[in-house]
Structure formats: C-alpha cells, structure tokens
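The block underneath contains the structure these notes are about, expressed in structure tokens.
The values are calculated or read from the model by the stated rules, or taken from the named source; none is laboratory data. What you see is a predicted model; the values in this text were computed from it and never measured. Glycine gets a Cβ as well: all are built from the backbone with ideal geometry, and neighbour counts include every protein chain shown.
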Amino acid sequence: MPRVSMNRKRLLVALTTLAIVVGLLVATVPFIGSLGISAKTANEARVVYDVSDIEPGQLKMFDMLWVYRRTEKDIERVDELAHLLDDPDSKRSQQPGTLKNKWRSENKDFFIFFPRAPRRACAIEFVAPNQREYKYYEDGKAIQSYPHFVETCELRIFDLSGRLLAREGWPPEFNLTIPETEWISDSKVVIVRK
C-alpha cells in the first residue's frame, strides 16, 4: 500500500469539508429566501405618523416630510386658482397614480409632501394670506390672498395641493413631490418611503 503524506490527507479533508459547506449553503438559499421579505418590501420603509394634533391651517414637520391640514375655506377654494396652474392634473409630477386628483391626497383635509422643489432641491416655505406681494405674476393680487407654499430660490408658488402656478416666460416645472400614503384611521397615516 502506498504511503499517503499527512499534508495531502489534510488538504483532501479541507477540500471535502469546503465542498460540503458550499453545497449546504447553495441548497439552503432558496429555502431561506422563501422565508424572507420580497426585494420590493426590503427597499421600502413604512412609517406611521399621527396627525391628530394638527389643527386646520397648521403645518407640521416630520423628519423630511411636511403635513399641512387644510381649513374648510382651503377645501372650498381648491379650484379657484386652477386657471393659473402649470400642471393642474399632475400629469408631469411625481406622485402615486392613486393621488392624481385636485387634492393630491387620499384625505382632502391633509396635504403630505416633501418640502423641496423637485428639480433644484430648494427649500419650501409656507406663506399665510397677504404676507407677500407677487407683482411678477399675472394675477399676483389674487395669489397673495390665498395661503400657499413658495420655493425660496426662484420664488415659484405652489397652491395648497403642491401644484405649481405658471409664470409667463418660465419653462414648465413639476408640482411638489408627494409620497405614497395609506390612511389607517382618521388620524394615522402610513408613509411608504422607497
């Protein structure tokens, strides 16, 4: 019988052990994968926000998200500036398809959005009625009588649904970006962050 060196035995044992471990890992990957969450779900974060303490006409900031609660007057006047909007039906804008309505929300009382201008990432601020003058807009007097949002870089104006008001001579732009939402009660909303 030929004599096998100890080093060769160790090498063969190590290679055999490695082959068994790799084989077990390959065999268990589909099983473990079936127990886990889907790739889509893994890339989503679902955060619940309680909006019960937001009074009508009040804006509340949550992390990178703002929630504005509309007043009854805001709700009644939602269409009054429609003739001045750049994208009134939100055809070019970033929001879930289910939120392409004049409220841009499932719940007309609340407008939930990311407070950054879509292209330039400029900050957005809330402006109360008659707090500013807008001489460079065709219907500046009418605009300033409504509460609204303003982009701080170029002073572009958005209504309380985050829809951009058109400005003569300016290229078309997007409305404010809104996240996917799911209302789980009258005062709690789930925001899906992707």
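Brief remarks on what is shown
Rundown of residues vs (1) at pLDDT below 85; (2) surrounded by fewer than 17 Cβ atoms within 10 Å (Cβ to Cβ), yes/no style:
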{"site": "S93", "(1), (2)": "yes, no"}
{"site": "E106", "(1), (2)": "no, yes"}
{"site": "E133", "(1), (2)": "yes, yes"}
{"site": "Y146", "(1), (2)": "yes, no"}
{"site": "E151", "(1), (2)": "no, no"}
{"site": "F158", "(1), (2)": "no, no"}
{"site": "F174", "(1), (2)": "no, no"}
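- For T71, the criteria (1) within 14 Å of L176 (Cβ to Cβ); (2) surrounded by 13 or more Cβ atoms within 10 Å (Cβ to Cβ) hold in every case but one, which is (1).
- Residues of the range 6-46 that turn out to be small (G, A, S), more than 30 Å from V189 (Cα to Cα) and at pLDDT 75 or above, as a count: 3
- Condition met for N175 (in contact with a Ser or Thr (Cβ under 6 Å, 6 or more places away or on another chain), within 21 Å of V67 (Cα to Cα) and assigned by TED's automatic domain parsing to the domain that holds Q58): yes
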